[in-house]
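Below is one structure, written out as structure tokens, with a few remarks after it.
The values are calculated or read from the model by the stated rules, or taken from the named source; none is laboratory data. Please read all numbers here as calculations on a predicted model, not as lab measurements. Neighbour counts are summed over all protein chains in view; Cβ atoms, including those assigned to glycine, are modelled from backbone coordinates with ideal geometry. To get the accessible areas, we keep the full protein, side chains included, count just its heavy atoms, and leave off ligands, DNA and RNA. Shrake-Rupley method; radii C 1.70, N 1.55, O 1.52, S 1.80 Å.
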Amino acid sequence: MKVLVAVKRVVDSGIKVRVKPDGIDLQGVKMTINPFCEIAVEEAVRLKEKKLIAEIVAVTIGPKQGAESLRHALALGADKAIHVTTEARIDQAVQPLDVANILAKLVERDNYNLVLMGKQSIDDDFNQTGQMLAGLLDWPQATFASNIQITDGIAQVIREIDGGLQTVKFKLPGVITCDLRLNQPRFASVPNIMKAKSKPLETIPLDKLGKLHNSIQITKTEAPAIRKGGAIVENVDVLIQKLRNEAKLF
Amino acid sequence: MLMNHLRNCGKFSTLVFADHSSGKLSKSTLKILNAAKLLNQQISLLVASNDASSVVDQIKSSIPSNVVHQVLVAQHDSFKAPQADLLGNLVKQLIDQHGFTNFVTSTSTIAKDFLPRVAVKYAAQPITDVIAINNDVFLRPVYAGNAIAQVKSNDKVKFISFRPTNFEEIQQTGDKVSNIVQVKVENTKQLIEHVSDELVQSDKPELTTAKFIVSGGRALGSKENFKILDELANALGNTAIGASRAAVDAGYAANDQQVGQTGKVVAPELYIAVGISGAIQHLAGMKDSKVIVAINKDQEAPIVSVADYTIVDDLFKVVPELTKKIKEIKQ
């Protein structure tokens, strides 16, 4: 069984971003693998360790630095990598519709049995790509996974839904998107980081697989309104008085 | 083809997906209807359920006919715990039959699951998590709410999800909708099998619709200590209990209690953050609350800078005192 894991390179979640009218300033900003994508890679590696899958292929779309996220996935345990290269901004111009179309082409080319990816990337925060890929391929899907069991070609997935958890199952092939609590990704060991450098990495220019749709345009990006807080109240009595008189709450 | 073309010609209309659970229409539906009104098109409301009668009754008694033109009722056994495959097929069927040009949902997990799946059938790029509309420009938060992107779409059929917390409920005055149309569900081929649900039993309201929220962080120290928030919530009334990601990861609170960009985004009238330092992703989930109170030992914590009122003190002293005094007021 072959698994495709989609990964994206994003601004590190600990960075306070600088907002410019044409988008987030990416100059000299620390970038990492999207945390949800890292969870997807870890899950694939665990499935391989349980001998449920034979091969893990990591894929990313983006500029040449995107290869760093692929090397990270290879160091965690992916077997090979595919880099679909484009200079377009992956947090703006490359949209979930584009990513789903490109991934669908790769699935058709290489015959994967399962596609694992994060539930969303922490830059554009769309939470769409896995669902769109499943729709394009007419495959079953399980989003927001917090547990994945695979037995005899059947995936049973626990999903985080409003109000609690839901278990679904389907026959593979299928698409699963990973939520925060699915696993705790391991640290890549130094020997594995070294080994990752010699694992195969295929590069494909994006225009060989299709073109960008640009079906939505981001006309402007602004910082959100700043909330004016910071008032310290001495004690509970003053707080209650403020809540009643200023905020008129009770 | 020609018939389809004639039917769709010159007609722009919106289909809104109604959220409901256990036979109750969700308040979020009343909020996203207000958002859908901003699209200035005739609105149809879709109820997909295995037993739609009580939800339809609530719609007939609460939703004015000048807001919703017709209610489409799709009743099918598989909609007991609806999955993305069948919901996607249903919505595609309705768009093809009626020529809707907008499909609108809330940001519920059900909608997040199936909206992109059906959008891709129309080669459309969904605009999700919309917080406001200015003419044809949609505003949506990106980068965990640290930036707001203004977005335009060329798609022939637009797929839009609105954050309910950013919109008021529709006014329930005037004649109510009476145009109820039964839909025959055409494609029932199932790819995804529902096995079971394990829902958290709670006497508290839902985070996204509660009037007040009391939220706890890792400083609470244990699941047992979280009970002091319960008592404060009971004293306040109509109050949901939230948690920071750290508290959820530590096992003090359930997964679906997590407030933040990757958890629930909330905007209650009052948000009390107890022992929460205020990581960026947590602030992104609650900074639209009308009034924010922080109870924290650390005056330098980021939560203090967004809170309207902060008490810098031990939460185990402050929370019980606040509970006691609110009870006194409410008596």
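Take the accessible area of A alone and of B alone, subtract that of the pair with a 1.4 Å probe, and the total buried over both chains is about 6800 Å².
Kindly report the accessible area of chain A per residue (heavy atoms of protein chains, probe 1.4 Å, no ligands, DNA or RNA), in Å². Mind showing how you got there, number by number?
Numbers: 10690 Å² over 250 residues.
Accessible area per residue: 43 Å².
Each Lys and Arg adds +1 at its Cβ and each Asp and Glu adds -1 at its Cβ; summed about the Cα centre, segment A:2-246 shows a dipole of about 500 debye. Cα-based radius of gyration for segment A:2-246, normalised by 2.2 N^0.38 Å, reads 1.15.
Please report the carbon-and-sulfur percent of the accessible area for segment B:218-263; probe 1.4 Å, protein heavy atoms only, DNA, RNA and ligands left out. The partial results should precede the final answer.
Values: 730 of 1770 Å².
Its accessible area is 41 percent carbon and sulfur atoms.
Take the Cβ-Cβ distance between A:Asn192 and B:Lys24 as r, set R0 to 56 Å, and report the resulting FRET efficiency rounded to the nearest 0.05. Walk me through the numbers before you get to the answer.
Values: r = 51 Å, r/R0 = 0.92.
The value I calculate is 0.65.
Each DSSP beta bridge with both residues in chain B is either parallel or antiparallel, and the antiparallel ones are about 20%. Determine which residues of segment B:259-277 fall in the zone a paramagnetic label at B:Ser222 would reach in this model, i.e. backbone nitrogen under 20 Å from the point 7 Å along Cα→Cβ. Residues B:274-276 fall inside that zone.
Comparing each chain alone with all protein chains together (probe 1.4 Å, DNA, RNA and ligands left out), the residues of segment B:105-132 losing at least 20 Å² of accessible area are B:Thr109, B:Lys112, B:Asp113, B:Pro116, B:Arg117, B:Val120, B:Lys121, B:Ala123, B:Gln125, B:Pro126, B:Thr128. Placing a label point 7 Å from the Cα of B:Lys330 along the Cα-to-Cβ direction, the residues of segment B:201-234 whose backbone N falls under 13 Å of that point are B:204-205, B:211-214, B:229-234.
Rounded to the nearest 20, the Cβ-based charge dipole of the protein assembly as shown about its Cα centre (Lys and Arg +1, Asp and Glu -1) stands at 700 debye.
The aspartates and glutamates within cross-link reach of B:Lys189, meaning a Cα-to-Cα straight distance under 16 Å and a gap of 8 or more places when in the same chain, are A:Asp138, B:Asp77, B:Asp85. Per residue, the average separation of C-alpha pairs within less than 8 Å and at least 6 apart gives chain A a relative contact order of 24 percent.
Annotation: peptides B:310-316, B:111-117, B:166-172, ranked by per-residue average of other Cβ atoms within 10 Å with the highest first, follow the order B:111-117, B:310-316, B:166-172. Contact-buried residues of segment A:82-111, at a threshold of 20 Å² lost accessible area versus the chain by itself: A:Leu97 (1.4 Å probe; DNA, RNA and ligands ignored). Between the alpha-carbon centres of segment A:209-250 and segment B:10-43 there is a gap of 25 Å.
The lysines whose alpha-carbon is closer than 16 Å to the alpha-carbon of A:Lys20, local same-chain residues fewer than 8 away aside, are A:Lys220.
With K and R counted +1 and D and E -1, the other residues having a Cβ less than 10 Å from that of B:Gln75 yield a net charge of -1. Put the Cα centre of segment A:25-85 next to the Cα centre of segment A:155-204 and the gap is 10 Å.
Can you tell me the accessible area per residue over chain B, all protein chains present, probe 1.4 angstrom, in square angstrom?
Values: 13690 Å² over 331 residues.
Result: 41 Å² per residue.
Modelled spin-label separation between B:Ile180 and B:Glu300, with each label point placed 7 Å from Cα along the Cα-to-Cβ direction: 6.2 nm.
Each part reduced to its alpha carbon centroid, segment B:295-331 and segment A:91-147 end up 43 Å apart. Within a Cβ distance under 13 Å of A:Val236, other residues only, what is the Lys/Arg minus Asp/Glu net charge? Local net charge: 0.
Whenever you get a sec, compute what percent of the accessible area on segment A:79-177 sits on carbon and sulfur atoms (1.4 Å probe). Numbers along the way, then the final one.
Details: 1290 of 2790 Å².
With neighbouring chains kept in place, the figure for segment A:79-177 is 46 percent.
The label point for A:Lys105 and the one for A:Gln27, both projected 7 Å from the Cα toward the Cβ, are 3.3 nm apart. For chain B, a Gaussian network of Cα nodes joined below 10 Å ranks B:Asp129, B:Asp308, B:Asp85 by mean-square fluctuation, and the top entry is B:Asp308. Candidate cross-link partners of A:Lys195 among the lysines, defined by an alpha-carbon separation under 18 Å and a same-chain spacing of 8 or more, comprise A:Lys48, A:Lys80.
So for the protein assembly as shown, considering every pair of alpha-carbon atoms, how many percent are separated by more than 37 Å? Intermediate results must be reported in sequence, preceding the final value.
Working: 56072 of 168490 pairs.
Across the protein assembly as shown, Cα pairs with separations above 37 Å total 33 percent.
For segment B:207-330, compute the number of Lys pairs whose alpha carbons are separated by less than 18 Å, excluding pairs fewer than 8 positions apart on the same chain. Lysine pairs meeting both conditions in segment B:207-330 amount to 15. Of all DSSP-defined beta bridges confined to segment B:9-183, some 30% are antiparallel rather than parallel. Beta bridges from DSSP with both residues in the protein assembly as shown: antiparallel share about 35 percent, rounded to the nearest 5. Label positions at B:Glu193 and A:Lys64, each projected 7 Å from the Cα along the C-beta direction, are separated by 5.1 nm. Its Cα centre serving as origin, segment B:207-330 has a Cβ charge dipole (Lys and Arg +1, Asp and Glu -1) of approximately 200 debye. Take every Cα pair under 8 Å whose residues are at least 6 apart in sequence, average their separation, divide by the length of segment A:29-143, and the relative contact order is 27 percent.
For segment A:86-192, the relative contact order works out to 27 percent when only alpha carbon pairs closer than 8 Å and six or more residues apart are counted. Across the accessible surface of segment B:1-138, with the other protein chains kept in place and a 1.4 Å probe, carbon and sulfur atoms take up 50 percent. Shielding by partners for peptide A:118-130, expressed as the average number of C-beta atoms from other protein chains within 10 Å of each residue's C-beta, is 5.
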